Structure formats: structure tokens, C-alpha cells
Amino acid sequence: MGTLEEWMATVRAELALDGDGVADLRVVQDSILDLARDAAHGVARPAAPLTAYLVGVAVGRGASLPEAAGRIAALALSRLDAGTEGSAGEAKAREGKAGGDKAGEGKTGEGQASDGAPVDH
């Protein structure tokens with residue numbers, strides 16, 4: 001069993017998700033990873049876990065995982081194809097602005113304005 005499969009089994013046990021109500025882990029893994037990829041590319045990277053969560057809520061209320069994940073993945077990819085505000089290029093630009101607290105990214109340094117332009121002192 002690989003690391004991902006071990007982790008999924010551990011989480012499943014910790015949350016007491018046993019029995020007939022839980023889908024095959026391979027189906028879950030394939031559906032959710034594909035959904036997360038499509039949401040990240042079609043909308044923005046942070047959309048991946050949030051979208052997976054919302055689909056999980058829908059599944060918890062009775063929706064079919066493959067059907068719900070497929071429908072929402074197609075919706076995310078349609079945003080990419082349509083070049084809407086959620087396109088990958090604009091998502092990257094937003095992430096660059098929002099990522100200022102990661103290891104110094106996006107922070108202004110000495111001699112640099114908040115927009116990145118050089119400043120004379």
C-alpha cells in the first residue's frame with residue numbers, strides 16, 4: 001500500500017467512515033484528484049480543496065461522487081475554456097499577490113515600492 005492509500009485508510013478510520021456508505025478508495029482518489037486538478041487549473045489553486053469539500057458535502061447528502069465530481073470539474077474547465085475571470089493566468093496573478101506571506105514572496109524589500117518598482121532614497 002502506497003503513502004496516499006495508507007493516509008486515506010488512516011483518515012477513514014479516524015473519522016469512523018467504515019461500511020457500505022463509503023465508496024471504494026480508488027474511485028474516491030481518482031474522482032477527487034481529477035476534480036481538484038480541474039478546479040485548480042480552471043479557477044484558481046485555492047479552489048481545489050474548497051471545491052472538493054463542497055462536492056463531499058453534496059455526496060454526504062446523497063449525490064453520486066463520480067457524477068457530482070464530473071459535473072463540477074466540467075464547470076471549472078469551462079471557465080478556463082471561456083477565458084473568464086477565473087482563467088489560469090489571472091489565477092496565477094491573484095496567487096502571486098496573495099502569496100506574500102510565504103517565504104518572503106511578494107514582500108517589498110529595501111529600495112522597492114509595494115508594486116515592485118525601484119525607489120530612489
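The single condition among (1) assigned to a loop (DSSP other than H, G, I, E, B); (2) modelled with pLDDT of 65 or more; (3) aliphatic (A, V, I, L, M) that VAL57 does not meet is (1).
Can you confirm whether LEU65 is under 21 Å from TRP7 (Cα atoms), surrounded by 14 or more Cβ atoms within 10 Å (Cβ to Cβ) and free of Cβ contacts under 8 Å to residues at least 12 places away in the same chain?
On the way: under 21 Å from TRP7 (Cα atoms): yes; surrounded by 14 or more Cβ atoms within 10 Å (Cβ to Cβ): yes; free of Cβ contacts under 8 Å to residues at least 12 places away in the same chain: no.
It is false that LEU65 is under 21 Å from TRP7 (Cα atoms), surrounded by 14 or more Cβ atoms within 10 Å (Cβ to Cβ) and free of Cβ contacts under 8 Å to residues at least 12 places away in the same chain.
Of all positions in the stretch 82-89, at least one carries a residue that is at pLDDT 80 or above and either part of a loop (DSSP other than H, G, I, E, B) or closer than 30 Å to ASP30 by Cβ (or both).
Each residue in the stretch 1-58 was checked for being charged (D, E, K, R), under 10 Å from the mean Cα position of the chain (by Cα) and more than 14 Å from ILE72 (Cβ to Cβ), and 1 pass.
The values are calculated or read from the model by the stated rules, or taken from the named source; none is laboratory data. Keep in mind that this is a model prediction, so the values were computed, not measured. Note: ideal-geometry Cβ built from the backbone for every residue, glycine included; neighbour counts use all protein chains shown.
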